[in-house]
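K.L.:
The structure is given below, and queries will be raised subsequently.
The values are calculated or read from the model by the stated rules, or taken from the named source; none is laboratory data. Computed from a prediction, not measured in an experiment: that's the story for all the values here. A quick note on method: Cβ atoms are made from the backbone with ideal geometry, for glycine too, and the neighbour counts reach across all protein chains shown. Just the protein is used for accessible areas: all its heavy atoms, side chains included, with ligands, DNA and RNA removed. Shrake-Rupley method; radii C 1.70, N 1.55, O 1.52, S 1.80 Å.
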Amino acid sequence: MEAGAPAANAVGLAAVAVLAAGASSRMRGLHKLLRPLPEEPVVRVSARSALQAQVGSVGVVTDPDRPEVAAAVSALRVAIIPNPAAARGISTSIRCAGRWAFDRAEALILVLADEPCLDPGLVRRLYTSWRARPRAAMRVRYRDRPGHPVLITRDFLDRANLRESGGLNEELKRLGAVDLDVDRDAPGDLDTEEEYQSALAEM
């Protein structure tokens, strides 16, 4: 277990879900979340960063058909959130994360497992901004584009019309999410071999 991190079943104002149920369809060979970065699997690096934010419980949404992803984070103090409908798109993972989170928290912070350069301090900043002025949803807006982490509430998720194959962007715009401006470019994800090699070189 990860020392000093909130327990996986802790009750608090926030919970963090690491979305890790994707199929890694654009990268050949070993699943992108299981690749070493530089020594630990990508998904473990992302989950550890979520724990380091220390804003509440941390869960990792995984595809039950890929138990090796869940196994990669099994030693950390995280809840494993199975998504049997993972093949139908990221919105199903968001729904699973919501069902888990809103039993224990008032806000859910979503992060992507394939963005392992997550800044724990940015997760905390998003959370403290929401606590100072609660609203249905908040998202980080980098210099070049909006991105993750994203904070949503139960009210937002109840009102959102999430398409199976789509994410949150359209609904965040439609339902008036508040932006948290960040003076840096958005972190890259690891969809391709070239992006993975670039992240590996940086780390």
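K.L.:
Per the Cauchy relation, a quarter of the hull surface: what is the mean projected area of the convex hull of the alpha carbons in region 27-182, in nm²?
P.N.:
Answer in nm², one decimal: 9.2.
K.L.:
Averaged per residue, what accessible area in Å² does region 39-103 show with a 1.4 Å probe, protein chains only?
P.N.:
Heavy-atom accessible area per residue stands at 39 Å².
K.L.:
Take the Cα gyration tensor of region 24-101, multiply each eigenvalue by 5, square-root it, and list the three semi-axes largest first, rounded to whole angstrom.
P.N.:
19, 18, 10
K.L.:
For a quick check: with amide H placed at 1.01 Å from N, whose amide H comes under 5 Å from VAL16's, ignoring anything fewer than 5 positions away on the same chain?
P.N.:
Sorted by chain and number, the residues that satisfy this are SER57, VAL58, GLY59, ILE109.
K.L.:
On the protein heavy atoms, probe 1.4 angstrom, tell me the percent of accessible surface of region 35-183 carried by carbon and sulfur.
P.N.:
Heavy-atom surface of region 35-183 belonging to carbon and sulfur, 1.4 Å probe: 46 percent.
K.L.:
Convert 20 °C to kelvin, take the viscosity as 1.002 mPa s, use the Kirkwood radius over C-alpha pairs of region 66-129 as Rh, and evaluate the Stokes-Einstein diffusion coefficient in µm²/s, rounded to a whole number.
P.N.:
Taking Rh from Cα pairs, D becomes 159 µm²/s.
K.L.:
Label-point separation (nm) for ASP179 and ASP158, each offset 7 Å from Cα along Cα-to-Cβ?
P.N.:
2.9 nm
K.L.:
Count neighbours as other Cβ atoms within 10 Å of each site's Cβ, and list the chymotrypsin sites (Phe, Trp or Tyr not before Pro) in region 129-165 that are DSSP loop with at most 13 such neighbours.
P.N.:
Filter output for region 129-165: empty list.
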